[in-house]
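Right, one structure below, let's go through it.
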Amino acid sequence: MGEKQNILITGAASGIGRASALRMAKSHHVIVADRDGDGAGTVTSEIVAAGGTATAIAVDVSDGASVRAMKAQIESNIGPVLSAFFAAGIFIRGVTGEIPEADWDRMMDIHVKGTFLCCQAVIPDMIAANKGAIVNMSSDFAVMAVPGAAAYMAAKSAIYSLTKSIALEFAPQNIRANALGPGPIDTPILKSGRTEAEYAKAREAFAENLPIGRLGQPEEVAAVLDFLLSDRSAYMTGQIIHPNGGQLMW
Ligand SMILES: NC(=O)c1ccc[n+]([C@@H]2O[C@H](COP(=O)([O-])OP(=O)(O)OC[C@H]3O[C@@H](n4cnc5c(N)ncnc54)[C@H](O)[C@@H]3O)[C@@H](O)[C@H]2O)c1
């Protein structure tokens, strides 16, 4: 990915998506997509202030009509998307016996269906160009178990499986698909469903338990994303890559 490209990033208003948008905008045009349209606008302004170019788009990835409208807007105003990072996500805590059906559906809709719809939206451009790189946001929790995260774990495993399917199906068209599986990264999502005191305790526990001894920073995940979208990873597809401070080793 030497030349300047259009890179679509969802969940780009905050956290890992935002850090990735800021990093990739140093050499590419970034489409900053998020349900939080104002936040997407703020990140776009930051990119422009730093001398880059970007377009903000408000999208709800769990809604097919919204994803198709985003793609149509990109097609008419920007051009083909041959690189994409689908990072939109939420965290709802809950043990299996107590997860309300609506919470389960929301987790599956945003993570699994949302990632699927976004991949489906960009693949035709990639097929036409006979080239493409997709990175989907999974998690360490796709492949390791933690308490109170059944819906999240199931959703992140599904994203990993979807990524492998896409990698296999579209390898002949020179489209690569990989998943990111971060460990605990210092972003607003870690606060979800926690009081300030619980959040402070969780941060301490993460740091204590991780071999590297600290939470990760969103920029450290963005650096791996940059690698996975670039030709430096040209021989990698269908993989899950873990910037995780050593939380999971295999
Ligand atoms: N922070 C971590 O420790 C960690 C670890 C592993 C994986 N992840 C994953 O990384 C991704 C990014 O998380 P983050 O830590 O940057 O959190 P974050 O809360 O800072 O960012 C998530 C972004 O996704 C957006 N979003 C949520 N639902 C959306 C929807 N329906 N449509 C469009 N945008 C939507 C939010 O508005 C927000 O801007 C998530 O998928 C998360 O599960 C995070």
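Please treat every number below as a calculation from the coordinates, not as lab data. Treat the numbers as computed from the prediction; the structure is a model and nothing was measured. We place every Cβ from the backbone using ideal geometry, glycine too, and count neighbours over all the protein chains shown.
Where is the GNM fluctuation largest for the chain (alpha-carbon springs, 10 angstrom cutoff): Lys201, Lys156, Lys71?
Lys201
Which stretch or stretches of the range 95-129 have amide N atoms under 17 Å from the point lying 7 Å from Asn209's Cα along the Cα→Cβ direction?
95-96
Per residue Cα convex hull volume for the range 125-238, in cubic angstrom?
Dividing the Cα hull volume of the range 125-238 by its residues yields 120 Å³.
Under 1.5 on a/c is rounded, so check that first for the range 5-162, then, if it is not, pick prolate when a/b is larger than b/c and oblate when it is not; a ≥ b ≥ c are the square roots of the alpha carbon gyration tensor eigenvalues.
Details: a/c = 1.97, a/b = 1.66, b/c = 1.19.
Here the range 5-162 falls in the prolate category.
Give me the percent of DSSP beta bridges within the chain that run antiparallel, rounded to the nearest 5.
Numbers: 0 of 29 bridges.
Approximately 0 percent, going by the DSSP bridge assignments.
With springs only between Cα atoms under 10 Å, which of Phe86, Phe170, Phe227 fluctuates most in a Gaussian network model of the chain?
Per the Cα network of the chain with a 10 Å cutoff, Phe227 tops the list.
Using the count of nearby Cβ atoms within 10 Å as a rough guide to exposure, how do Met249, Met144, Met107 rank from fewest to most?
Working: Met249 7, Met144 15, Met107 25.
Listed from fewest to most nearby Cβ atoms, that is Met249, Met144, Met107.
Which of Lys71/Lys113; Lys26/Lys191; Lys113/Lys156; Lys131/Lys164; Lys4/Lys131; Lys4/Lys26 have a Cα-Cα distance over 19 Å? Numbers along the way, then the final one.
Numbers: Lys71/Lys113 16 Å; Lys26/Lys191 29 Å; Lys113/Lys156 11 Å; Lys131/Lys164 17 Å; Lys4/Lys131 14 Å; Lys4/Lys26 10 Å.
Violating the 19 Å limit, Cα to Cα: Lys26/Lys191.
Would you compute, from DSSP H runs of 4+ residues alone, the mean residue ellipticity of the chain at 222 nm, taking -39500 (n - 2.57) per run and dividing by the full residue count, rounded to the nearest 500? Let's see the in-between values first.
Details: 8 runs with 107 residues, N = 250.
Mean residue ellipticity, 222 nm, calculated: -13500 deg cm²/dmol.
Which shape class applies to the range 1-88: rounded if a/c is under 1.5, otherwise prolate when a/b exceeds b/c and oblate if not, where a ≥ b ≥ c are the square roots of the Cα gyration tensor eigenvalues? Could you put the intermediate results ahead of the total?
Details: a/c = 1.64, a/b = 1.20, b/c = 1.36.
The shape class here is oblate.
Suppose the chain between Glu198 and Asp231 were pulled fully straight at 0.36 nm per residue; how much longer would it get relative to their current alpha carbon spacing?
Details: separation 33, 0.36 × 33 = 11.88 nm, distance 4.17 nm.
So the extension gain works out to 7.7 nm.
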